[in-house]
Amino acid sequence: MDTQRMREGGAATASLVKAATEVAMPKRSFIRATEIWMPSVDGRHLEFSNGLYGPLSDFERVSRQTRFGFDEGLPGKAWAAGHPIVLKDLVGSYFKRGEAAQAAGLTCALALPLFAGDALIAVMVLFCGDDREHVGAVEVWHAASGAIEMRLVDGYYGTADVFEWYSRHTGFMCGIGLPGAVWETGMPVVLADLGRSRRFVRWESAERVGINRGVGIPCGRDPGDPWVLTFLSALDTPIANRFETWIPITNGTGLVFDAGYCEHGVDLAAVYRSVVISPDAGTLGRVLNTGAPAIATDVSLEPHPVSASVRGTSLTSMVAMPVLTAGRLDAVVAWYL
């Protein structure tokens with residue numbers, strides 16, 4: 001009897017250790033790499049500014065040695081178009097780094113230009129890979145001039161084929177659904193639980209494939225020409241393990257927390273209660289101060305309470321992007337990997 005109990009106890013302990021290890025291990029992000037390109041001093045080219053590449057060091061090396069002219073390559077095309085572009089062919093298209101992307105297993109990219117009025121601030125590029133286990137979506141929505149509905153321009157859905165079909169055959173009026181809510185408010189919208197949100201019209205088809213969270217971000221250059229970027233996360237393959245939105249206080253001297261969620265169970269509203277991020281405070285403060293996107297490669301070095309909030313988690317890096325309207329900073333969206 002004692003021997004049997006010892007065996008059972010040992011098996012239970014091993015099971016608990018295995019479960020704890022699985023929880024502690026970081027989940028593979030839906031986005032494999034992120035980079036920021038900024039105008040050169042003479043304004044004629046886009047030059048590498050910063051990036052997160054994880055283990056894709058060869059692709060990073062090629063990227064650091066590359067630059068783009070106006071309408072050249074994916075960043076240059078987004079610069080010229082003035083709106084986000086989803087490119088699903090990185091090898092047989094105008095994408096300049098096709099061979100390196102193929103070697104890195106990257107199959108899709110989203111380029112997001114950021115403007116202050118007519119002046120280009122930066123182009124952000126997000127890369128996704130071909131993975132049979134990946135479920136989620138990165139979408140670009142647009143409402144044409146005079147249109148009463150916002151329609152899908154393009155997106156990347158991993159293995160969520162049915163959800164993609166449904167999305168391509170769905171339109172959203174202003175104020176309806178996640179894209180419509182962003183269109184109406186002109187501000188980022190975070191839906192931490194799509195199954196319980198009445199604002200997410202596609203919840204039933206999303207639930208079938210395991211998509212459970214959504215973030216919508218306005219990304220048009222002109223308020224009269226609305227574009228919306230949406231990130232839709234699944235439990236096992238999140239777009240990111242934490243999303244936060246911050247808004248400037250009235251006099252523009254700081255940022256206060258607005259909304260967000262954390263896959264590690266951190267209560268962000270409690271962590272950031274009464275916190276004001278000043279323009280000289282880490283990565284978020286830099287975005288407030290410059291109006292340009294920024295990347296933190298080691299969030300443990302960020303000022304308190306950001307650094308304190310990631311202790312005991314697998315979060316190591318952050319991407320922070322400004323939400324701009326005619327050069328005015330309306331919000332900062334940050335996601336952690």
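The table for this structure:
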{"quantity": "Per-region count, the range 296-337, residues without any contact (Cβ under 8 Å) to a residue 12 or more places away in the chain and assigned to a strand (DSSP E or B)", "calculated": "1"}
{"quantity": "Residue ID - nearest to Ser309 (Cα to Cα), chosen from residues in the range 220-260 that are of a type in the set (Phe, Trp, Tyr) and touching a helix residue (DSSP H, G or I) at 6+ places or on another chain (Cβ under 7 Å)", "calculated": "Phe257"}
{"quantity": "Residues (small (Gly, Ala, Ser) and either touching a residue at least 40 places away in the same chain (Cβ under 8 Å) or crowded, with 20+ Cβ neighbours inside 10 Å (or both)) located in the range 272-282", "calculated": "Gly282"}
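Results for (1) among the polar types (S, T, N, Q); (2) touching a residue at least 40 places away in the same chain (Cβ under 8 Å); (3) closer than 18 Å to Pro223 by Cα, shown as yes or no for each residue.
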residue: Val140; (1), (2), (3): no, yes, yes
residue: Ala143; (1), (2), (3): no, yes, yes
residue: Ala147; (1), (2), (3): no, no, yes
residue: Tyr156; (1), (2), (3): no, yes, no
residue: Asp161; (1), (2), (3): no, no, no
residue: Trp165; (1), (2), (3): no, no, no
residue: Phe172; (1), (2), (3): no, no, yes
residue: Pro179; (1), (2), (3): no, yes, yes
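FYI, it's all coordinate maths here, none of it is from the lab. Model, not experiment: these values are computed from the prediction. Reconstructed Cβ throughout: ideal geometry from the backbone, glycine too, with neighbour counts over all protein chains shown.
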